[in-house]
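None of the figures in this text is laboratory data; all of them are computed from the coordinates on show. Just so we're clear, the structure is a prediction, and the values are computed from it rather than from any experiment. Every residue, glycine as well, gets a Cβ built from its backbone with ideal geometry; the counts of neighbours run over all protein chains shown.
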Amino acid sequence: MPLISKPVGRLISFEGSEGSGKSTQIEHLADHLGKLGYDVVTVREPGGTELGEQIRSIIVHNSKGDEMCPETELLLFAAARAQLVREVIAPALMRGAIVLSDRFLDSSTVYQGIGRNLALGPVNHINHFAVGNVMPDLTIVLDVPTQVSLKRIHQRASDLPDRMERENIEFYNKVREGYLFLAKQLPQRLVVIDGSKSETEIQRRIRTLITERLNRARGPVVRASKASAKRKPAARPKPAKAKA
Ligand code: TMP
C-alpha cells in the first residue's frame, strides 16, 4: 500500500558533502517559509526519530564502527530512513507541510554506492524499499570543492571527527563526483548550487528555486493561516558531539 496518497505537501531534500552548508541553508529556508505562512517541518538523516537517533549513534559514533562493513552501514541508514518516513515525513506531507530534509536517499546512493563501491542496483532497491512512494519533489545539492569541505570539517569547533568524517580525500572526491553524476542522471529532481558562493547568495538562489517549484506540478502548497503558522521545530536537535 502506498505510504502517501494525495500528498498535498512537498518534500525537499538537501544533499552534499560534510561542510557544504546544508544545515545553515535549511535553517534560513525554514525561517523564510515559516514567515510566509507555510507549515514547515525540518528533519535530518540519519535520525529524526528515537529509533533513528539510536541508529545514528551506532553508525557515527560507535567505537566498533570502523569494523562495520559497507552493507551493514547501508542497511542501518535505510532502517533509520524507513522509520523517519513512516513516523514523521509521510504524515507531515499528508497534512500539507513542506518537509525540509537534511539528507535523504541520495546520500546512500552516493556514500555507500559510489563512495563505498556497493553495487548501485541493490542500493537503489534498498533505498526504494525504505522510502516507499515518498520521494523528494526537489533535491538541492550544495556543491563545494573537496578541499573546502575538508577544511570546514576540521574547523568545526574542537569536535573529534566522527567515523564518516575520518574518511580520506579520495573518499570525499568520490562523494562530490557522485553527487554531480547523480544530478546529471536526474536533472528534473536534483539541482546543483555552488556552495562556495556567499551564504546570502546561496540563500537567494534557493528561495528563487523553491518559489518556482512550490507552485508547479501538483498545484500550490496550501499555506497555514497566519495565526497558526508556527514553524515546527526540528524533529530532533543535533546531539552535541563528544569534546576532544
Ligand atoms: P551529517 O549529519 O553531518 O550530514 O552526517 C551524516 C553522515 O552520514 C555523513 O557523513 C553522511 C553519512 N550518510 C551516509 O553515508 N549515508 C546515508 O544514507 C546518510 C543519510 C548519511
Restricting to Cα pairs under 8 Å and 6 or more apart, the percent relative contact order of region 39-109 works out to 51
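If you rank GLU199, GLU67 by fewest surrounding Cβ atoms within 10 Å, what's the result?
Ranked by crowding around the Cβ, least crowded first: GLU67, GLU199.
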In order over region 198-208: 3J(HN,Hα) from phi, Karplus 6.51/-1.76/1.60, θ = phi - 60°, whole Hz, x for each Gly or Pro, gives 5, 4, 5, 5, 5, 4, 4, 5, 5, 4, 4
Taking R0 as 30 Å and r as the Cβ-Cβ distance between GLU212 and VAL148, the FRET efficiency 1/(1 + (r/R0)^6), rounded to the nearest 0.05, comes to 0.60
Fewest to most Cβ atoms within 10 Å: LEU74, LEU105, LEU180 sort as LEU180, LEU74, LEU105
Binned at 5 Å starting from 0, the alpha-carbon pair-distance distribution of region 1-141 in whole percents comes out as 2, 10, 19, 23, 22, 14, 7, 3, 1, 0
Percent of all alpha-carbon pairs of region 135-204 at distances over 14 Å, whole number, is 66
So, relative contact order of region 86-183 in percent, Cα under 8 Å, 6 or more apart, is 31
